[in-house]
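> I have a structure here, written as structure tokens, and I will follow up with some questions on it.
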Amino acid sequence: MERRYGGQDCLLVIDVQNDFMPGGALAVPHGDEVVPVINRLAAHFDHVVLTQDWHPDDHVSFSASHAGTEPFQTTTLHYGEQVLWPSHCVQGEPGAALHAQLEVPHARLLLRKGHHRAVDSYSAFVEADRKTRTGLAGYLHEQGVRRVFCVGLATDYCVAWSALDARAAGFEAAVIEDACRAIDLQGSLQAAWERLAAAGVQRLQSADLLRADLAPA
Ligand SMILES: [Zn+2]
């Protein structure tokens with residue numbers, strides 16, 4: 001099949017991993033529903049990048065690493081506010097594996113993030129200290145990418161932060177709403193959509209991408 005989205009476009013598939021699926025350690029409601037949507041979209045992209053949340057087992061974002069805390073409470077770390085999560089996506093564990101039905105054999109890059117013990121990384125571009133860069137912006141710029149289409153989990157955390165940082169790095173960016181699902185802690189989903197809109201990130205549906213008129217000529 002001829003792919004509709006060529007070298008200037010990248011589909012960025014964020015954290016489609018077992019621990020974020022129903023029954024997983026940090027389940028995103030209906031997270032598994034993104035898989036067929038992403039598979040369908042990815043078939044139209046030459047350039048697909050996958051990310052994988054990939055933490056050491058004593059990671060700073062885990063509630064278990066902070067005595068006396070509970071998952072989903074917020075704390076202050078050296079770089080600012082941090083939600084404390086259930087332990088998830090531990091390096092090499094089955095929960096960190098990509099969903100078995102994700103079918104993107106032509107993906108070019110698998111970027112692991114969150115591997116520094118003392119810093120979380122929702123974003124695929126810049127870690128939560130807002131200083132440490134993953135190298136993804138440089139890679140995409142070198143590849144001639146201009147537009148980044150973000151899909152995966154979760155809309156209001158890793159997808160939103162990645163889309164905002166894609167914009168900040170000079171790319172056009174979009175979030176494909178029906179190819180994402182949210183955690184939605186205390187209004188975080190609505191807040192994320194507002195930040196995305198303010199930053200000029202497009203809010204699209206997968207059907208929009210499959211319409212001929214949105215693709216480059
Ligand atoms: Zn994580």
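The values are calculated or read from the model by the stated rules, or taken from the named source; none is laboratory data. Since this is a predicted model, take the numbers as computed values, not measurements. Because the Cβ atoms are built from the backbone with ideal geometry, glycine has one as well, and the counts that use them run over all protein chains shown. Just the protein is used for accessible areas: all its heavy atoms, side chains included, with ligands, DNA and RNA removed. Shrake-Rupley method; radii C 1.70, N 1.55, O 1.52, S 1.80 Å.
> Ranked from highest to lowest mean number of other Cβ atoms within 10 Å per residue, what is the order of the peptides 143-154, 6-17?
Going from most to least packed, we get 6-17, 143-154.
> Note down the nm distance, to one decimal, between modelled labels 7 Å out along Cα→Cβ at Thr75 and at Arg3.
4.2 nm
> Once Rh for region 1-100 is found with the Kirkwood sum over Cα pairs, what is the Stokes-Einstein diffusion coefficient at 10 °C and 1.306 mPa s, in µm²/s?
D = 104 µm²/s.
> When DSSP beta bridges are limited to those with both residues in region 66-217, what percentage is antiparallel, rounded to the nearest 5?
Just about 35 percent of them are antiparallel.
> From the phi angles alone, apply the Karplus equation (6.51, -1.76, 1.60; θ = phi - 60°) to region 125-135 and give each ³J(HN,Hα) in whole Hz, x where the residue is Gly or Pro.
10, 9, 6, 5, 6, 6, 10, 6, 9, 7, x
> Sticking with this structure for a sec: Mind listing the phi-derived Karplus ³J(HN,Hα) values for region 26-32, rounded to whole Hz, using 6.51, -1.76 and 1.60 with θ = phi - 60°, and x for any glycine or proline?
So the J values, rounded to whole Hz, are 9, 5, 9, x, 6, x, 5.
> Under a 5 Å amide H to amide H cut-off, with H placed in plane at 1.01 Å, what residues pair with Gln202 once short-range neighbours are removed?
Hits under the 5 Å cutoff: Ala173, Ala174, Val175.
> Measuring from label point to label point, each 7 Å out along Cα→Cβ, what is the Arg146 to Leu185 span in nm?
That separation, rounded to one decimal, is 3.8 nm.
> How large is ³J(HN,Hα) for each residue in region 6-22, as worked out from phi by the Karplus curve 6.51 cos²θ - 1.76 cosθ + 1.60 (θ = phi - 60°), to whole Hz, x for Gly and Pro?
Couplings: x, x, 8, 10, 10, 8, 9, 9, 9, 6, 8, 10, 4, 5, 9, 8, x Hz.
> Mind giving me the FRET efficiency for Glu103 and Gln202? R0 is 25 Å, r the Cβ-Cβ distance, nearest 0.05 is fine.
In this case the efficiency is close to 0.45.
> Take the alpha carbon gyration tensor of the chain, find the square roots of its eigenvalues, order them as a ≥ b ≥ c, and report rounded if a/c is under 1.5; if not, report prolate when a/b exceeds b/c, else oblate.
Prolate.
> Continuing with this model, one more query. Calculate, for region 45-131, the solvent-accessible area per residue in square angstrom, rolling a 1.4 angstrom probe over the heavy atoms of the protein chains.
Computed with neighbouring chains in place, this is 46 Å² per residue.
> Keeping the other protein chains in place, figure out the carbon and sulfur percent of the accessible area of the chain, with a 1.4 Å probe.
Ligands and nucleic acids excluded, carbon and sulfur reach 48 percent.
> In addition: Once both labels are modelled 7 Å past Cα along the beta-carbon direction, what's the Asp46-Ala64 spacing in nm?
Distance between label points: 4.4 nm.
> Also, quick follow-up: How many angstrom separate the Cα center of region 91-154 from the Cα center of region 156-217?
If you average the Cα positions of each part, the centres end up 16 Å apart.
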